[in-house]
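*Asks:* Encoded as structure tokens, here's the structure I'll be asking about.
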Amino acid sequence: MVTVRAPATSANLGSGFDVFGAALSRPADVVTVEKAAETTIEVTGVGAQYIPEDPEKNTVGAVVEALDAPARIHIDKGVRPASGLGSSAASAAGAAVALNRLYDRGRSREELVPIAAEGEAVVSGVAHADNVAPSILGGFTVTTAEGTRSVDAAIPLVVCLPDVAVSTRDARRVVPETASMEELVETVGNAATLAIGMCRSDPDLVGLGMSDPVVTPERARLITGYDDVRERAFDAGATGVTVSGAGPAVIAACRERDRRDVAAGMLDAFADAGIEARAYQTRIGRGSTVLEE
């Protein structure tokens, strides 16, 4: 038996659409695997009733097939589905790390990223790695066609998750198909600023680099109260605010001393819009961790 803790993640971070990702110190899924002749999946925890246990319809089924590693798999969900926090990616990442260890497949963490990404395709229809990469590797990640690079970073974060759902498929439908040269230049500049901020563990630069004129404004329209939540976060000391992944979670970078106030401001703004929400005072954290074997 192998048990792995796989963290929630935030993809895009505003300016890095389908490229940037970050592991969060909390929340997380816990995945336990045991060798078996045939794969079975049991799901418990947050939103378990919405997650199929059929291996052909669950993200971990593709991981099992890729590693040729049939198992009894238990997923204890700490990351709510349809949250914008890489819920399906956490399960796929945890399963990839656990099954690789259980069957001694000898794959490196980097080699497990595209395997876990195949599991993501079951949910979103596309094998994107911007969530599974940080969930496996930890830290801040940059994923391109050539692979994934990662760097550790110490950035305090607040993630505010409203009690509404936005599916990844719906959020992709609103992404613009074109961008102007002016928007492209602005986005590249912001992304470069964010990346430098991560390398320096500088929350001011990271926040400055989160701004995005193309994708975020369209996705923000799917989140009731987003503009007020963003404004209240900045008023409380946030250095940057954007939609986490496909949403509806909203992520803010800040300094350590401001994190509690930022969380309170974001919660109050959602409450004013008549929406219940939960705030995670978190930070960029480690990747998938083996807890027991």
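The values are calculated or read from the model by the stated rules, or taken from the named source; none is laboratory data. Just so it is clear, the structure is predicted and the values come from calculations on it, not from any experiment. Backbone-built Cβ (ideal geometry, glycine too); neighbour counts: all protein chains shown. The accessibility values were calculated without ligands, DNA or RNA, using every heavy atom of the protein model including side chains. Shrake-Rupley method; radii C 1.70, N 1.55, O 1.52, S 1.80 Å.
*Asks:* Counting heavy atoms of the protein chains only and a 1.4 Å probe, report the per residue accessible area for the chain as a whole number of Å². Before the final figure, lay out each step's value.
*Replies:* On the way: 12510 Å² over 293 residues.
Per residue, the chain has an accessible area of 43 Å².
*Asks:* Using Cα-Cα distances under 8 Å and only pairs 6 or more residues apart, what relative contact order does the chain have, in percent? If you can, show how the numbers build up before the last one.
*Replies:* Details: 791 pairs, mean separation 73.0, N = 293.
25 percent.
*Asks:* Say the dipole of the chain comes from +1 at the beta carbon of Lys and Arg and -1 at that of Asp and Glu; which of Gly138, Asn190, Thr3 then lies farthest toward its positive end?
*Replies:* Farthest towards the positive end: Thr3.
*Asks:* Hey, another quick one. Counting Lys and Arg as +1 and Asp and Glu as -1, what is the net charge of the other residues whose Cβ lies under 13 Å from the Cβ of Leu157?
*Replies:* Numbers: positive: Arg26, Arg255, Arg259, Arg260, Arg283; negative: Glu256, Asp258.
Net of charged neighbours comes to +3.
*Asks:* Ranked highest first by average number of other Cβ atoms within 10 Å, how do 278-284, 25-31, 92-98 line up?
*Replies:* 92-98, 25-31, 278-284
*Asks:* A follow-up question, please. Compute the distance from the alpha-carbon center of segment 1-43 to that of segment 108-158, in whole Å.
*Replies:* 10
*Asks:* Also, quick follow-up: Quantify, in whole percent, the carbon and sulfur part of the accessible surface of segment 219-293 (1.4 Å probe; protein heavy atoms only).
*Replies:* C and S atoms contribute 38 percent here.
*Asks:* Sticking with this one: Ordered by packing density, taken as the mean number of other Cβ atoms within 10 Å over each peptide's residues, highest first, how do 63-70, 175-182 rank?
*Replies:* 63-70, 175-182
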